[in-house]
Amino acid sequence: MNEDVGRWADPPLLVMASLAEAPKHGYAIIRDVADTMGVSLGAGTLYAVIARLEERGFIEALPAQDRRRPYRLTAAGVRELELQVQHMRSVASLAAKRVHLITHPAGA
Amino acid sequence: MSRRSTPAGARDRRMARFLVGCYPPSWRARYAPEMLALLADAGVSPRRAANILAAAALAWLRPAGHLYSPPARVRASLAVVFSSWIALAAAALLFGQLYEDESLAPATPRHPVTAGLYHFYVTAAHVSVAILAAATLPLGALLLSSALRRRAYREVALLTLPATASLGFLVVLVVLSHAARNAGGGLSSRWFLLLTALGLVAGAVAAAGPVAVLRRQAPGGLLVVLAGLGSGIAAFTMAAATVAAAANALAIDAWTASTMPLHAGAPTLAGYALFVMVVTVIAVVSAQRGARALRSTQLRT
């Protein structure tokens, strides 16, 4: 699993999650992340993420449309996103169990 | 977040071009059109501008690997660090030596602090020159032999520019030194600044020759790595020498301001310190980029 992409709510994960729906260009990614995940990505942050994900082969650029270049997940990107989701799910499950123990202590 | 309904104004477009212009050239070649399109859609708020500036700084420090050719990046870093070394050496030599040259600045009683700073400056500068020579001469010999083998005499001339530019500047320095001695006084602040500017021009010319040949021949391998590492270490050593030279000048200024004809003053010293700082930062950033490229390439093998 790629450590750079793994931290919770990290911009790379948000961008990959957005692109999992459909290929999008920069502004469409920013809007989608804001509308569906409630996170405001800066343009500088977004393109730093795009460059990193492209470097690692997790996303690829499609032909530009009027200067706006859409990106899509590659097969490696889909696998990475699956791993990240599994990891988040296991962390969430563990956290849920532990929170339950706090809110419902045994013998209380 | 809502899409801006009005088109971005001329000020926004200028600001967007400025912000995108802050990125490294390789980044701009790949992403500039689409980021400009994004900013045209989203607008340029102060918060967005700050975010882009921070990202641009990171792009300089840590460029994405798919945007450049690692061997070309290593050569570019070597060229930048070598040029930085020459700029620092010119500044250190002028500032340090002119303050000590009795023909330009009449002798004053030596204070232990200025003596220590001066000795540090001289030692660090000599060590730096030795490191640079040991690290770059093998590559220089390789470039020169390749140029001679191909009868590329223009490249040979470019490779000798460090020597000819330095010699030309020394001639000017000696002539001016004699003129000042004959006039019976020291060097005025205006002449001092002019000499500093001339020294920097000579340094730029000296650096431009080998850098041009480096780009033209595009060598690779261990000699480039050795030259890059040596130039980096030499640049840091020379930066330390320039700091000592500036501190020495500051101390002399403070203690002998009333009697010394050569008196640079705080604004000149501040400008000098700023120059050294900027050149050192450029060298550090470029060396870091070169080292990063080195790790991702086969140059080591």
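Could you list, in sequence order, all residues of the stretch A:74-92 that are open to solvent by 30 Å² or more (accessible area, probe 1.4 Å) and touching a helix residue (DSSP H, G or I) at 6+ places or on another chain (Cβ under 8 Å)?
Of everything in the stretch A:74-92, just one residue is open to solvent by 30 Å² or more (accessible area, probe 1.4 Å) and touching a helix residue (DSSP H, G or I) at 6+ places or on another chain (Cβ under 8 Å), namely A:87.
On the basis of being open to solvent by less than 50 Å² (accessible area, probe 1.4 Å), assigned to a helix (DSSP H, G or I) and touching a helix residue (DSSP H, G or I) at 6+ places or on another chain (Cβ under 9 Å), does residue B:50 make the cut?
So residue B:50 does not fit the description; no.
Looking at the stretch A:10-21, which of the residues that are out of contact with any strand residue (DSSP E or B) (no Cβ under 7 Å at 6 or more places or on another chain) and free of Cβ contacts under 8 Å to residues at least 24 places away in the same chain is nearest to the other protein chains (Cβ to nearest Cβ)?
First, pick out the residues of the stretch A:10-21 that are out of contact with any strand residue (DSSP E or B) (no Cβ under 7 Å at 6 or more places or on another chain): A:10-15, A:17, A:21.
Among the residues that remain, those that are also free of Cβ contacts under 8 Å to residues at least 24 places away in the same chain are: A:10, A:21.
Working: A:10: 15, A:21: 17 Å.
Only one residue fits best here, namely A:10.
Return the only residue of B:16, B:56 being within 10 Å of chain A (Cβ to nearest Cβ), closer than 22 Å to residue A:24 by Cβ and buried (at least 20 other Cβ atoms within 10 Å of the Cβ). Steps first, answer last, please.
Values: B:56 fails: closer than 22 Å to residue A:24 by Cβ.
Among B:16, B:56, only B:16 is within 10 Å of chain A (Cβ to nearest Cβ), closer than 22 Å to residue A:24 by Cβ and buried (at least 20 other Cβ atoms within 10 Å of the Cβ).
Within the set of pairs 6 or more residues apart or between chains, which connect a residue that is closer than 15 Å to residue B:62 by Cβ inside the stretch B:275-295 to a residue that is of a type in the set (S, T, N, Q) with Cβ atoms less than 7 Å apart?
So the pair list comes out as B:286/B:77; B:287/B:77; B:289/B:77; B:290/B:77.
Within the stretch A:59-88, work out how many residues are at the interface with chain B (Cβ under 10 Å from one of its Cβ atoms) and outside any strand (DSSP E or B).
So the first thing to find is which residues in the stretch A:59-88 are at the interface with chain B (Cβ under 10 Å from one of its Cβ atoms), and the list is A:61, A:64-71.
Still in the list and also outside any strand (DSSP E or B): A:64, A:66-67, A:69-70.
Qualifying residue count for the region: 5.
With respect to residue B:41, determine if the residue is in a helix (DSSP H, G or I), away from chain A (no Cβ under 11 Å), surrounded by fewer than 22 Cβ atoms within 10 Å (Cβ to Cβ) and at pLDDT below 90.
For residue B:41, the condition - in a helix (DSSP H, G or I), away from chain A (no Cβ under 11 Å), surrounded by fewer than 22 Cβ atoms within 10 Å (Cβ to Cβ) and at pLDDT below 90 - is not met.
Could you list all residues from the stretch A:43-55 that are within 9 Å of chain B (Cβ to nearest Cβ) and not hydroxyl-bearing (Ser, Thr, Tyr)? So that I can check it myself, show each step before the final result.
Residues of the stretch A:43-55 that are within 9 Å of chain B (Cβ to nearest Cβ), as a first pass: A:43-48, A:50-52, A:54-55.
Within the stretch A:43-55, A:43, A:44, A:46, A:48, A:50, A:51, A:52, A:54, A:55 meet the criteria.
Step by step: first the residues of the stretch B:59-95, then only those that are among the polar types (S, T, N, Q) and crowded, with 20+ Cβ neighbours inside 10 Å, then the one that is nearest to the other protein chains (Cβ to nearest Cβ). Which residue is that?
Within the stretch B:59-95, the subset among the polar types (S, T, N, Q) is B:69, B:77, B:83-84.
Imposing the further condition that a residue be crowded, with 20+ Cβ neighbours inside 10 Å reduces the set to B:77, B:83-84.
Values: B:77: 19, B:83: 27, B:84: 26 Å.
Of everything passing the filter in the stretch B:59-95, B:77 is nearest to the other protein chains (Cβ to nearest Cβ).
Pull out all pairs, ordered by first then second residue, where Cβ-Cβ is under 8 Å, the residues are six or more apart or on different chains, the first lies in the stretch B:44-71 and is without any contact (Cβ under 8 Å) to a residue 40 or more places away in the chain, and the second is open to solvent by 60 Å² or more (accessible area, probe 1.4 Å) and not aromatic (Phe, Trp, Tyr).
B:44/B:15; B:49/B:15; B:64/A:55; B:66/A:55
The values are calculated or read from the model by the stated rules, or taken from the named source; none is laboratory data. A quick note: this is a predicted structure, and the numbers were derived from the prediction, not measured. Positions of Cβ are generated from backbone atoms using ideal geometry, with glycine treated the same way; all protein chains shown enter the neighbour counts. Calculation scope for accessible area: heavy atoms of the full protein, side chains included, ligands and nucleic acids excluded. Shrake-Rupley method; radii C 1.70, N 1.55, O 1.52, S 1.80 Å.
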